[in-house]
Amino acid sequence: MATPAVAVRAVAWLFLWEVAGLTCSPDPAFNTALTDAGIRATCSEIILRQEVLKDGFHRDLLIRVKFGESIEGLQTCRLLIKQYVPTGLFVDPYELASLREKNITEAVMVSENFNIEAPNYLSKESEVLIYARQDSQCIDCFQAFLPVHYRYHRPHSKDGETFIVINNPDLLMYCDQAGSRSVTRFKFDSFGKTIEFPVLKCWAQSEVTAPCALNSQDICQWNNMKYKSVYKNVTLQVPVGLTIHTSLVCSVTLLVTVLCSTLILVAVFKYSFSL
């Protein structure tokens, strides 16, 4: 008699759970979390490193990007670096044009009404697009090169130096879906979903519109990528004049100007009378 009673109680409890909505069906959010976890398991870090080469007032900014592991189909992807140039620096658009002709770099100015002669306190932050190239010595690496120059800074009253901070750039990526559909397709059988270009699925944050190539009229939707930077930013130390030297510099400049002008006039009169 105890067995039928237990069965009746079990059926009653199951009925109550069903009515209350407490049945143990999988939560969609849980499935999504598992899917994301499966995708993240295939993710490799994107590492960006910025460094400044050369000394003096004319420098070269070198940007290297490395993917943590070998990624199939990466040869069909392109990397675009959007570099923000602070007011203390400038990029010469004529120099960029010359470097593009020599196939040294693929960089182009975005900012308009750009004045390379303006001092830092009269200039604005500018933007440069650099189409990175794959590194021949590293299959999963890209690199970009940008020449930068110091602007004139106001003299200081105490310290004879100032600092320029170059922030990390935006990293944009575009992959040709049609060109590598056969080699970059990953399938998660447990969830029945197909993910193309895992690197984009892993790290893409938003989409940005930009030309597909340097000399192309076509517009592509680039993915703004998350990455890990080796350095938080790059800081440059710039020597500047001191305000206490203003009178000395003005006096010496005026003296040299008067002396040179006098020598020129003497030479002109001397040779004019000899003729």
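For ASP135, which sequence-distant residues (separation of 5 or more, or a different chain) have an amide H within less than 5 Å of its own amide H, given hydrogens modelled in the peptide plane?
CYS141, PHE142, GLN143
What are the semi-axes of the equivalent ellipsoid for the stretch 50-146, taken as the square roots of 5 times the Cα gyration tensor eigenvalues, largest first, in whole Å?
Rounded to whole Å, the semi-axes are 28, 13, 13.
Report the accessible area of ARG59, computed with a 1.4 Å probe over the heavy atoms of all protein chains in place, in Å² rounded to the nearest 10.
For ARG59, solvent-accessible area is about 40 Å².
Divide, for the stretch 73-114, the radius of gyration over alpha carbons by 2.2 N^0.38 Å, where N is the residue count.
1.42
Lys and Arg at +1, Asp and Glu at -1: add these up for the other residues within a Cβ distance under 12 Å of TYR227 and post the number.
So the environment of TYR227 carries a net charge of +3.
When ligands, DNA and RNA are left out and all protein chains stay put, how many square angstrom of accessible area per residue does the stretch 44-172 have with a 1.4 Å probe? Walk me through the intermediate numbers first.
Details: 6820 Å² over 129 residues.
Here the per-residue accessible area is 53 Å².
Between GLU161 and SER229, with labels modelled 7 Å along Cα→Cβ, what's the label distance in nm to one decimal, could you check?
The modelled label-to-label distance comes out at 2.1 nm.
How much net charge surrounds SER98 when only other residues with a Cβ under 15 Å from its Cβ are counted (Lys, Arg +1; Asp, Glu -1)?
So the surrounding residues net to -3.
The values are calculated or read from the model by the stated rules, or taken from the named source; none is laboratory data. Quick caveat, the model's predicted, so the values are computed rather than measured. Reconstructed Cβ throughout: ideal geometry from the backbone, glycine too, with neighbour counts over all protein chains shown. Keep in mind that these areas ignore ligands, DNA and RNA; they rest on the heavy atoms of the full protein, side chains included. Shrake-Rupley method; radii C 1.70, N 1.55, O 1.52, S 1.80 Å.
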